[in-house]
Amino acid sequence: MRIGLDVMGGDFAPEVTIKGALLSLDELPHDVQLVLIGDEAFLTTKLSGLNIPPGRIETVYSSEVIESGEKPLKAISTKQNSSIVIGLRMLRKGEIDAFSSAGNSGAMLVGSMYSVGPIKGVIRPTTFAHIPQENGNTSILLDIGTNTDTKADVLSQFAHLGFIYAQEVMGIEKPRVSLLNIGVEKGKGNLLTQSAYEMMHESKEYFFVGNIESRDLFNNKADVIVCDGFTGNILLKQIEAFYRIMQKRNLLDDYFERFNYENFGGSPILGLNGTVVLGHGISSAIAIKNMLKLSYNIATTRLSDKVKEALYKYSN
């Protein structure tokens, strides 16, 4: 298996991304090859003299970088020799099995849609965050910002995509799917959540357990929690803020340590014709390492194929 990494992506790139890539070699299977995409001079300097086992690393050189503040569509169109565009192009051609980046997330999303493309039948690809549960389990929250304006059928499909991920990657036999709302009763919420509830309740594609309130996010009430990207992004950043406050005040215990983004590494874009994983812009070397491990796990489970199979089954 070959996993591509955008060495130039992230607030602390390229030094930290290289460190993370090297750390991952000790934890990935020996037949996994990392394809590092980035500046030639930097890669040559950093990798020279290192005792890297033969066949574990390949380098592909890029001459441009899409910066974090650039507009995604324009950057993708004009910077064809950037590390992100090259990586997505290689994924489309089947030259790598997965592509990961902690760089410009908008460019990754737009580039993925144009290059790799969504799976037939997917209305809108989505992203998610891992939510640690107090009993030791982990749930996923989706969407977390990819689609800030959605419709009921989109939320219902998010539920299906999350259900498949929870089964195939997380190993949960029958994931419980819920809809984030202001009350647990049927009929609660705005027009969007009311309509989504009806569709999700009637769906045979996944196991819907009803509405969930935000105060129960960490109580193991559901494995897959669905919301629109606007709500999900606000909620995720609030969780991150509380983690930083507790970290600053030395109030962390084993449970709250699990909220450290480094533990998960990143989030895959669900619904694409390939494995694309987005990392946090402030990713450390440990986060980069875990992003690569996540990319391997998703590619190994053939998640894209499983999504295609599931959508085909329920469309016929």
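The values are calculated or read from the model by the stated rules, or taken from the named source; none is laboratory data. No experiment lies behind these values; they were computed from the predicted model shown. Every residue, glycine as well, gets a Cβ built from its backbone with ideal geometry; the counts of neighbours run over all protein chains shown. Ligands, DNA and RNA are excluded from the accessible area calculation, which covers all protein heavy atoms including side chains. Shrake-Rupley method; radii C 1.70, N 1.55, O 1.52, S 1.80 Å.
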Original post:
Within the accessible area of the stretch 241-310, what % is carbon and sulfur when the probe is 1.4 Å and the other protein chains stay in place?
Top reply: 54
Original post:
Projected onto the charge dipole of the chain (+1 at Lys/Arg Cβ, -1 at Asp/Glu Cβ, origin at the Cα centre), which of Val110, Ser195, Asn250 gives the Cα projection farthest towards the positive end?
Top reply: Ser195
Subject >> For the stretch 1-129, the spread of Cα positions along each principal axis, largest first, Å >> reply: 45, 28, 28
**OP:** Over every pair of different alpha-carbon atoms in the stretch 107-219, take the mean of 1/r and invert it; report that Kirkwood radius in Å.
**Re:** 14.9
**OP:** Take the solvent-accessible surface of the protein heavy atoms, probe 1.4 Å, and return the percent of it on the stretch 84-238 that carbon and sulfur atoms account for.
**Re:** 49
Original post:
Along the charge dipole of the chain, which of Met8, Ile172, Ile86 sits closest to the positive end, that is, farthest toward it, with unit charges on the beta carbon of Lys, Arg, Asp and Glu (+1, +1, -1, -1)?
Top reply: Ile86
**OP:** Please give the calculated 222 nm ellipticity per residue for the chain, where each DSSP H segment of at least 4 residues contributes -39500 (n - 2.57) and the sum is spread over every residue; nearest 500 deg cm²/dmol?
**Re:** -12500 deg cm²/dmol
Subject >> Neighbour cut-off at most 16 other Cβ (10 Å), DSSP loop, GluC sites (Glu not before Pro), the stretch 1-99 >> reply: Glu27, Glu67, Glu95
**OP:** Could you do me a favour and compute the accessible area per residue for the chain, 1.4 Å probe, result in Å²?
**Re:** 47
Subject >> Cross-link reach list, lysines versus Lys79, counting only Cα pairs under 23 Å and skipping chain neighbours closer than eight places >> reply: Lys71, Lys93
Subject >> Compactness of the chain as Cα Rg over 2.2 N^0.38 Å, two decimals >> reply: 0.99
**OP:** Sticking to Cα atoms, compute the Rg of the stretch 61-145 to one decimal and its Dmax as the biggest Cα-Cα distance, whole number, in Å.
**Re:** 15.0, 48
Subject >> Cβ-placed point charges (K, R +1; D, E -1), dipole of the stretch 53-204 about Cα centre in debye, nearest 20 >> reply: 300
